[in-house]
Amino acid sequence: MNSFSYHRAAHPVEAVKDVNNQSDAKFVAGGTNLFDLMKLNIEKPSHLTDINRLDLGKIEVLPNNGLRLGALVTNAATAWNKDVEENYPLLSQAILAGASPQLRNMATNGGNTLQRTRCYYFYDLATPCNKREPGTGCSAINGFNRIHAILGTSETCIATHPSDMCVALMALDAKVNVTGVNGERTIDFADFHRLPGDTPHLDNHLEHGDLITSIDLPADHFKTNVAYLKLRDRQSYAFALVSVAAALKMEGNVIQDVSVALGGVAHKPWRDRQAEEQLKGQSATAAGFREFAETVLSGARGFGHNTFKIELAKRAIVRALTMALKNESTILSDLSKA
Amino acid sequence: MKTNYTGQPANRVDGSLKVTGTAKYAAEFEAEGLLFGYIINSTIAKGKIKEIDISQAMQVAGVVQIFTHENVSGLAWFNKSYKDMDSPPGDPFRPLYDHKIRYSMQPIGLVVATTFEVARFAASLIKVTYKEEKLVTNLQDNLHRSKKAPMGKVGYVQPKSRGDAESVFAKAEYKIEGEYVHAAEHHNPLEMFATTAIWEEDGKVTLYDKTQGVSNVQLYISNIFGLSLKNVRVVSPFVGGGFGSGLRPQYQVFMATLAALELRRPVRVVMTRQQMFSFGHRPGTVQRVAMSADENGKLTSIQHEAYGETSQFEDYTEIVVNWSGTMYNCENVKLKYELVKLDVATPTDMRAPGAVTSAHAFESAIDEIAYAVKIDPLEFRKINYAEDDQVEGKPYSSKELRACYDQGAAKFGWSGRSIEPRSMREGNQLIGWGMANGAWDALQMPAKAQAVLSLDGKLTVSSGTSEIGTGTYTIMTQIAAETLGMDINDVTFKLGDTLMPMAPLQGGSWTAASVGSAVKAVCEEVKAKLFKLASKTKHSPLSGAAPKELTMAEGHIFLISDPGSRLSIIEVMRLTETDSIIESGMSGPDPAAKTTHSFNSHAAVFAEVKVDEDLGTVIVTRVVCAVAAGKILNPKTAGSQILGSVVWGISKALEEETVMDNNFGRFMNHNLGEYHVAVNKDINDIDIIFVEEHDDLVNPLGIKGVGEIGIIAVAPAIANAVFHATGVRVRDLPITMDKVLQLAEEDKNQVRV
Amino acid sequence: MKNATETVELPEHYPVSLKVNGQAYNLKLQPWVSLLDALRDHLQLKGTKKGCDHGQCGACTVLVNGKRINSCLTMAVMKDGEEITTIEGLAKGDELHPLQKAFIEHDAFQCGYCTPGQICSAVGLLNEGKANSLEEVKELMSGNICRCGAYTHINSAIMQVKGETGNE
């Protein structure tokens, strides 16, 4: 870990100013990913601005009946929040599918969106990585890429975004509220993260010094008929090989609205709105779900070890939609009951 | 007060220390002015260090010294001085010895500083430049370079073939063959390797070390640094898991000792979790098995060959294929075991080394041949049951494997199984039942112990063995208390110190038998002394009694013929003015027994899996593990050992794999986030059965050890259950969803039957 | 051995007040000291274990204001003013915490290295009150790796205490 200075901010404006004072300063909240990466010399901030004492720790119902999740509310507190459990069960399920109870008690909503990839090569200074050191090359493309992306990849990077929560936020059309040196703004969740392109070192569209203050969920949006399905190499405490956040709005057996986001397959939570449009108005059938899955994965490309994810993702979509249709998923979801 | 403690499910005597956080592990010993070491490792797999620039790191306030091959001298000249009690043939790795890089993550330097954080920071400022050389780390691509495994590692025996398996196989009607693969696995005990080295003014060094053998570390360090044995004390009262990783001294003990001696200061060196992947591992192995049987299910030929990886500098061997010659009756057996040298660290024994590797392939193949002749796999095993050791031509001292079959099958409900694959399901979940069996050597090594009985009636027994979680403190206390008929609360067992009588390495499931026999022997000495003293007491009920007329139980010495005529231990000592009784004892295997009998423990494992038909996910819902391991000293701690072994087996079958990137010659998932071991959610119902097994020949205690036997048959039982559920043979561990669905890129080892 | 001029800057020390197991400590720590290392190396509370230092094993679990966290992944300075409970703070004098007793009774450990973290995690689990069944206990105890494989015994111990305390 490198040497760095530390300041505990009392107000968002002060925090933003403190980070903007140094080009490689960073905010720290839960610290679960940042401190981890600092120990490995992957992140080397010269200064840390501790934002834990800022007043961003509430979950509030908005005037439009949407829900505002404070950036500093922990993942655990969010998942177990009564409003979230009742009105956005998909979000609760996704959060509880990620990490461990201890990590969820530390990690914040703002920080969760900023998690960095778990790519082996990103994590190991001994190997080239364009995300860690632009221009050095991607070791994963010709390496062991079982956990890597199949959608939206580039010649420079095939890393995935590791979050579960973000997959649900993507499916739920969340918005991220940010304050920065140039004032406040709101970013649609779909536009929050980036694809790697030729700038794989950038994970999202935040500018230096931008502080996430909250995340908004729209009102009356997929309260029932949701399912979060996470496929991984052990039953808990592992990152997704493929995950699916599926949400349906049904009228009888006719799909009024649908939203499906994928995790573990791309540099950002993946969603195909065109495919969703095609599904709307159709009856809910296994064949229809499969056709939808084929469309979503039509542009997928495998790199050898991860090629299985293409078919696995299709099956996972079908299963998740089927689970959502049955509306049987519990908050602490359990695949063996799926 | 009943004092017949052995066989009772006593709670651990060290339990309260462990649940209160007061049991002290190697990194938890303190000293005034303690320095902290941080190890740096090679980023390349093969080549030479051109330059190692420590100048910037040395500028950091608080850095005391940085050791590299450039500034370390005065070490032992010959590589034989680096041999330890568990070294395989070859030239052991010598840390910081020269500029050569032999494997990725090889340790190449040590930063010593006043705090851990400063040492870690300074390590990040060291710049190393290398001259890289072409590397070879891919086992499967290099099988053509294999060579016969040499003798030399303790316990290694070359496999013996018999009959003419090839010809019989060629002509056989019912036969199967297959290739079975597993990658490297790492032990990952939860405590990371650590040493606190205390330098003393008189030139002595005390090493608080994580090890499965304090004497081995003492020998290793004294040879390398030219210290007399009496100047090296190694202490290790608690070890946070070993599983074989602590059999050989690891490089942090070298680093800590080097720094303490050079700097004349106390130094602590703790590995990082990433560094826990930078030394020995279970070797990746490729196995080929071919078998034939007649229409009645009698095995007519067995061919089993195994290719294990080893380093360029040592020939690590384990007993893999030999087991295939002993498990079943078969006249034609061809066995072959070879090594492939790669640019990797030398593999190291890992829980049930060799046997668990073998069983994965061999017991899966047995299932396959049973299916070929359409006989229930359990029935098939019974048909081919070997009463005697087929290789040595000797009877077993005891072998209650049939009882394991029967009791395990009954508990599991095996009789309700339909042989057809894909014949059971619940919704999307295909259900499968599989079984397998395994064997392990019941070994005993020479061991010594000391006993001190003090005037207050308290007994302290000691032996330089270790406590890696197996319950050594507890069972030794039980043995001592029972032998002397004392209250268990009056007995203390101490271990893990080279000042104590020498014990063997803690491995191979032999500690209970070896150290336990020594403890029993030394307590018998104390008892004999007490009987003599009791006889000398004047005007007491025991005056003049002959030793054979006396016995001990419940804290007293009494006449066998008249239990009312008795004296307490304290009374005997007071009446004879005896301050204390100090006895030493030792015990070792009976060489005569070995010429007439073979000694094995056995187990049968039954597993149920649920496999998602569409998604390929595998959950092990039930396991029954029936074990025949002689007398069970403590069903509670022994049960935990078997339970842990089953968890290991599930973890091995479904999750564990250290992934080598052959471009870099580097293990890439070197952390606990990506090297998956079983978590709580992965584990469902596990039933342990200890079948009754009486054995007077194996050792004076009649015990066989339980550290390895539980794991051996678990992975094949699960693989066989996955086949029964799905009709897919996954011959490549771990069994992940992509392999079950046959979506994996290289699925040549997945066969749909 | 080293140059007189020291050019590489080290972090400043910051005042940190921690209330650990009811006792107040006033420390001066550099921000790069994790809460785990502060407990082990600065307060000599070695009961909290380091099993990976990266939030991947749970051995370092402690309770901060009653909630379980991984002490390895937080800087001690961030916990200024907070109440921390470690394994050393669970027993009342010689009277073990019910979970400690149950762990011994159920043989819910072998080597003992993950045990303090398991027990602190279980205390946090019971405080949370979200685990209503064995299945949920398993899921919500999966952040604590036991390499010795004592999981089923750990769960039995927790279920027993959960039943006794009526924390249904």
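The values are calculated or read from the model by the stated rules, or taken from the named source; none is laboratory data. If you're wondering where the values come from, they're calculated on a predicted model, not measured in any experiment. Here the Cβ positions follow ideal geometry from the backbone for every residue, glycine too, while neighbour counts run over all protein chains shown.
Summary of values
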read-out	value
Matching entry among B:E674, B:E656 (being within 9 Å of chain C (Cβ to nearest Cβ), over 23 Å from B:A370 (Cβ atoms), assigned to a loop (DSSP other than H, G, I, E, B) and not small (G, A, S))	B:E674
Filtered residue count, region A:261-290, keeping only those that are surrounded by 13 or more Cβ atoms within 10 Å (Cβ to Cβ) and assigned to a helix (DSSP H, G or I)	7
Residue within region A:153-176 that is assigned to a loop (DSSP other than H, G, I, E, B) and of a type in the set (K, R) present	no
Counted residues, region B:356-391 - those being surrounded by fewer than 24 Cβ atoms within 10 Å (Cβ to Cβ), under 16 Å from B:Q303 (Cα atoms) and of a type outside the set (S, T, N, Q)	2
Within region A:304-317, tally of residues that are within 21 Å of A:T285 (Cα to Cα) and either at the interface with chain B (Cβ under 7 Å from one of its Cβ atoms) or more than 21 Å from the chain's Cα centre (by Cα) (or both)	4
Any chance B:D202 is of a type in the set (D, E) and at pLDDT 95 or above	no
Any strands (runs of 3 or more DSSP E) falling wholly within region B:1-74 and containing at least 3 residues that are modelled with pLDDT of 95 or more, facing chain C (nearest Cβ under 10 Å) and on the phi < 0 side of the Ramachandran plot	B:63-68
In region A:46-69, residue nearest to the other protein chains (Cβ to nearest Cβ) [restricted to those that are in contact with a Gly (Cβ under 7 Å, 6 or more places away or on another chain) and not aliphatic (A, V, I, L, M)]	A:G57
Set C:I87, C:I69: member being at pLDDT 95 or above, closer than 20 Å to C:Q23 by Cβ, more than 11 Å from chain B (Cβ to nearest Cβ) and out of contact with any strand residue (DSSP E or B) (no Cβ under 6 Å at 6 or more places or on another chain)	C:I69
Residue check for B:Q478: polar (S, T, N, Q), at pLDDT below 95 and on the phi < 0 side of the Ramachandran plot	no
Strands (runs of 3 or more DSSP E) within region B:377-472 that include 1 or more residues among the charged types (D, E, K, R) and touching a residue at least 60 places away in the same chain (Cβ under 8 Å)	B:424-426, B:429-441, B:447-454
Selected residue (criterion: farthest from A:F4 (Cα to Cα)) from residues of region A:18-45 that are more than 11 Å from every other protein chain (Cβ to nearest Cβ), touching a residue at least 60 places away in the same chain (Cβ under 8 Å) and part of a helix (DSSP H, G or I)	A:N20
Selection count, region B:594-650, where residues are on the phi > 0 side of the Ramachandran plot and either outside the structural domain of B:D376 (by TED's automatic domain parsing) or in contact with a helix residue (DSSP H, G or I) (Cβ under 7 Å, 6 or more places away or on another chain) (or both)	1
Condition check for B:L263: at pLDDT 95 or above, outside the structural domain of B:V333 (by TED's automatic domain parsing) and touching a strand residue (DSSP E or B) at 6+ places or on another chain (Cβ under 8 Å)	yes
Selection count where residues are surrounded by 24 or more Cβ atoms within 10 Å (Cβ to Cβ), in a loop (DSSP other than H, G, I, E, B) and either within 11 Å of chain C (Cβ to nearest Cβ) or touching a Cys at 6+ places or on another chain (Cβ under 8 Å) (or both), scope region A:78-97	1
All positions within region A:42-69 that are over 24 Å from A:T186 (Cα atoms) and surrounded by 16 or more Cβ atoms within 10 Å (Cβ to Cβ)	A:I42, A:E43, A:P45, A:H47, A:L48
Search result, residues across region B:509-536 that are surrounded by 20 or more Cβ atoms within 10 Å (Cβ to Cβ), in contact with a Ser or Thr (Cβ under 6 Å, 6 or more places away or on another chain) and more than 30 Å from B:A629 (Cβ to Cβ)	B:L533
3 or more residues surrounded by fewer than 22 Cβ atoms within 10 Å (Cβ to Cβ): qualifying strands (runs of 3 or more DSSP E) within region B:161-264	B:174-182
B:D98 vs. criteria free of Cβ contacts under 8 Å to residues at least 40 places away in the same chain, farther than 16 Å from B:P347 by Cα and assigned by TED's automatic domain parsing to the domain that holds B:V253	yes
Any hit, region B:495-510, residues being part of a helix (DSSP H, G or I) and outside the structural domain of B:G246 (by TED's automatic domain parsing)	no
Residue in region B:511-523 that is basic (K, R), modelled with pLDDT of 95 or more, under 27 Å from the mean Cα position of the chain (by Cα) and outside any strand (DSSP E or B) present	yes
Region A:100-117 - residue that is part of a loop (DSSP other than H, G, I, E, B) and within 11 Å of chain C (Cβ to nearest Cβ) and, of those, farthest from C:S34 (Cα to Cα)	A:S100
Residue match in region B:696-707 (condition: under 30 Å from A:S139 (Cα atoms) and either in a strand (DSSP E or B) or of a type in the set (A, V, I, L, M, F, W, C) (or both))	no
Residue within region A:49-62 that is in contact with an Asp or Glu (Cβ under 8 Å, 6 or more places away or on another chain), part of a strand (DSSP E or B), of a type in the set (S, T, N, Q) and touching a residue at least 24 places away in the same chain (Cβ under 8 Å) present	yes
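Condition check ((1) at pLDDT 95 or above; (2) surrounded by 24 or more Cβ atoms within 10 Å (Cβ to Cβ); (3) farther than 21 Å from B:S651 by Cβ; (4) of a type in the set (A, V, I, L, M, F, W, C)) across all residues:
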site	(1), (2), (3), (4)
B:E692	yes, no, yes, no
B:D695	yes, no, yes, no
B:K704	yes, yes, yes, no
B:A721	yes, yes, no, yes
B:Q742	no, no, yes, no
B:E745	no, no, yes, no
B:N749	no, no, no, no
B:V753	no, no, yes, yes
